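The structure appears right after this line, and notes come after that.
Rule-based calculations on the coordinates, nothing more; no lab input. Worth saying up front: this structure is predicted, and the values here are computed from it rather than measured. Please note: Cβ atoms are built from the backbone with ideal geometry, for glycine as well, and neighbour counts cover all protein chains shown.
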Amino acid sequence: MTSELTAPGRTETAAPPPPPRTRGPRLRALDGLRLLAALMVAAYHYGGRGGDISRAWGSSPAHQFPSLSGLFAYGCLGVQIFFVISGFVICLSGWGRTLRSFIASRISRLYPAYWVAVLLVTAVFALPWVAYRALGPSEVLTNLTMLQMPLGVPRVLGVCWTLWAELRFYALFALCVVLPGATRGRVVLFCAGWTLAAALAQAAHQPFLDVVLMPQYAPFFIGGVGLYLLHRYGARDPIAWAIVLVSWLIGQHYAVAGLWHPPSATAFSYRSAAGIVAVVTLGFALVAAVALGALRWANWRWLTVAGALTYPFYLVHEHLGWVVVHALHRGLGVPSYATFALTVGLMLLLAWLLHRWVERPLTPFLKRSVDPKRPPAGAAPLPPPAAGP
């Protein structure tokens, strides 16, 4: 669609946006990035923070990993990288879908492994020799909805706060883009409108607007959407680059504001502002490299498996990891670094079991139940498994 700009004595016709690229091969490098982000979060939970993991180790993780705990503390930024990837993948997934098909794809991807993880963690914590409190039946049942946070119910899974952010992003994208039909102009308007609305919500200090518009997380989702536009329309799209640049600028601000603090002897670790900005920048850069084809050489089949394991691993690694760390390190006397590696390996094995025996059979069943119709011709290809963390 063209537009005309009129100046004295001159008429110019703006060039149309570049045509979208044809459907390409699976982006296996994106699967690898998702697992990398999950491992960053695991490193943070096992060695980059205090709290319950200190009880599992028997002392502060800073004593267990004196040379790495400060580096592990940056692993929490894996969540922001997840959100950038999610913006990319959800835009890819939602393009060409009906609203019902989009909802079916999200429900079928998020809930099967989540339900089992909630029940599994509850059952393990209820064992008499496990020193962590299990929630009551009513609280566990509420957790199965994935709406426990807005309802004020304690969480079975500590990581589920990120899923609540994902759900809100899905809802915004579904209402603003999928429902009316995805087009380049509509996606650009969605990114610009959400960016401005999130900034206004931050200034308004209204809790309801904060919940809906998520100012602190919006730039990462929006940046991922902008990167998908670059993937779809090519690197010569200045509007997509503007979306990505503005999102990165705002995103690094919120990351520093939320994670930086002055050096303190009482804090578990210290993250420098430069280090936080560097990790955020690296996350954007890696997803951009995938979007622009710079990582197409990373096309190994095992990366598809890595992507499939990421979501169930993310769900179970924290709380069940505490139990494994306690059993290996304090129960069997396994050294710290070996315990760390074995715990990650066991959580990946459990993730594979959840993928093989829960996600594979239940995902297509749920998808057919919600949307029994076949997807329309020309619909976008399915995204890498589980768009979010």
Vicinal HN-Hα couplings computed from phi for segment 269-282 (Karplus, 6.51 cos²θ - 1.76 cosθ + 1.60; Hz; Gly/Pro x) | 8, 10, 9, 6, 4, 5, x, 5, 4, 5, 5, 4, 4, 4
If each of residue 203 and residue 139 carries a label point 7 Å out from its Cα toward its Cβ, how far apart are those two points in nm?
-> 4.1 nm
Using θ = phi - 60° and the Karplus form 6.51 cos²θ - 1.76 cosθ + 1.60, what ³J(HN,Hα) does each residue of segment 242-254 get, whole Hz, x for Gly and Pro?
-> 5, 4, 5, 5, 4, 5, 5, 4, 6, x, 5, 4, 5
Working from Cα positions, state the angle (0 to 90°, nearest 10) between the long axis of helix 184-204 and the longest principal axis of the chain.
-> 60 degrees
Give me the number: length gained by fully extending residue 147 to residue 99, i.e. 0.36 nm times residue separation minus the C-alpha to C-alpha distance, one decimal in nm.
-> 15.2 nm
Please give the FRET efficiency for residue 294 paired with residue 257, using the beta carbon to beta carbon distance and R0 = 30 Å, rounded to the nearest 0.05.
-> 0.45
With everything on Cα atoms, drop me the angle between helix 99-125 and the longest principal axis of the chain, reported from 0 to 90° to the nearest 10.
-> 10 degrees
For the pair residue 360 and residue 36, the simple spin-label estimate (label points 7 Å beyond Cα toward Cβ) gives in nm 2.8 nm
Counting other beta carbons within 10 Å of each Cβ, put 371, 52 in order, fewest first.
-> 52, 371
Per-q log10 I(q)/I(0), segment 33-370, q = 0.10, 0.15 Å⁻¹ (Debye; single scatterer per alpha-carbon; no solvent) | -0.62, -1.44
J(HN,Hα) series, segment 159-166, from Karplus relation 6.51 cos²θ - 1.76 cosθ + 1.60, nearest Hz, glycine and proline x | 6, 6, 4, 6, 5, 5, 5, 4
Just add up the charged neighbours of residue 75: K/R +1, D/E -1, any other residue whose Cβ is under 11 Å from the Cβ of residue 75.
-> +2
For segment 161-201 and segment 88-128, compute the distance between their C-alpha centroids and round to whole Å.
-> 19 Å
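In percent, what relative contact order does the chain have, based on Cα pairs under 8 Å that are 6 or more apart in sequence?
Details: 557 pairs, mean separation 121.7, N = 389.
It comes to 31 percent, rounded to a whole number.
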Work out, step by step, the length gained on full extension between residue 52 and residue 274: first 0.36 nm times the residue separation, then minus their alpha carbon distance; give nm to one decimal.
-> 77.1 nm
Per the helix-only model, the chain has a calculated mean residue ellipticity at 222 nm (DSSP H runs of ≥4, -39500 (n - 2.57) each, divided over all residues, rounded to the nearest 500) of -20000 deg cm²/dmol
Here, residue 131 and residue 175, labelled 7 Å along Cα→Cβ, have an inter-label distance in nm of 4.6 nm
For segment 33-370, the charge dipole (Cβ of Lys, Arg +1; Cβ of Asp, Glu -1; about the Cα centre) points to a positive end, and the Cα of 323, 135, 37 closest to that extreme belongs to 37
